[in-house]
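Report on the structure given below.
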Amino acid sequence: MIGRPGSKLKRAEDEPTAGGAFYELTLFVSGASALSARAIATARQLCDLNLGDGYHLAVVDVHGDPAALAGRSVVAVPTLVRNRPRPERKVVGDLSDTAKVLLALEIPVAGGPDAK
């Protein structure tokens with residue numbers, strides 16, 4: 001797994017975001033392709049802009065760690081999974097439409113009506 005540079009793994013009960021929740025996300029990618037690099041950059045930017053320090057993003061390269069897929073119901077990559085807060089939410093495919101990604105993962109938009 002690859003974490004954000006300088007980040008440490010936090011638990012759901014650690015510091016919440018301004019909105020009150022701490023987010024744990026996992027991004028599944030395959031290899032060092034351009035699609036994987038774009039998905040990683042987009043996911044990090046999306047989290048940084050909308051969650052600040054209230055998240056942990058783990059990046060899993062399924063090519064290098066196929067066992068990480070066990071029991072995860074991931075059938076395609078890239079897949080971005082919101083593990084916490086529960087319930088789990090997933091977005092499969094291109095993450096470029098960030099408004100749809102935020103909506104699907106139920107992440108509040110920075111500066112939006114749900115942001116505090």
Determine if region 96-109 includes at least one residue that is open to solvent by less than 40 Å² (accessible area, probe 1.4 Å), closer than 21 Å to Ala32 by Cβ, at pLDDT 90 or above and of a type in the set (Ser, Thr, Tyr).
no
It is to be established whether one or more residues within region 5-18 are at pLDDT 90 or above and open to solvent by less than 30 Å² (accessible area, probe 1.4 Å).
no
I'd like to know if region 30-50 contains one or more residues that are open to solvent by 50 Å² or more (accessible area, probe 1.4 Å), in a loop (DSSP other than H, G, I, E, B), at pLDDT below 95 and within 19 Å of Leu103 (Cα to Cα).
no
Quick check: anything in region 54-70 under 20 Å from Leu105 (Cβ atoms), part of a loop (DSSP other than H, G, I, E, B) and open to solvent by 30 Å² or more (accessible area, probe 1.4 Å)?
no
When only residues in region 71-116 that are of a type in the set (A, V, I, L, M, F, W, C), assigned to a loop (DSSP other than H, G, I, E, B) and without any contact (Cβ under 8 Å) to a residue 40 or more places away in the chain count, which is nearest to Ile40 (Cα to Cα)?
Ala76
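The values are calculated or read from the model by the stated rules, or taken from the named source; none is laboratory data. No experiment lies behind these values; they were computed from the predicted model shown. Positions of Cβ are backbone-derived with ideal geometry, glycine not excepted, and every protein chain shown enters the neighbour counts. Calculation scope for accessible area: heavy atoms of the full protein, side chains included, ligands and nucleic acids excluded. Shrake-Rupley method; radii C 1.70, N 1.55, O 1.52, S 1.80 Å.
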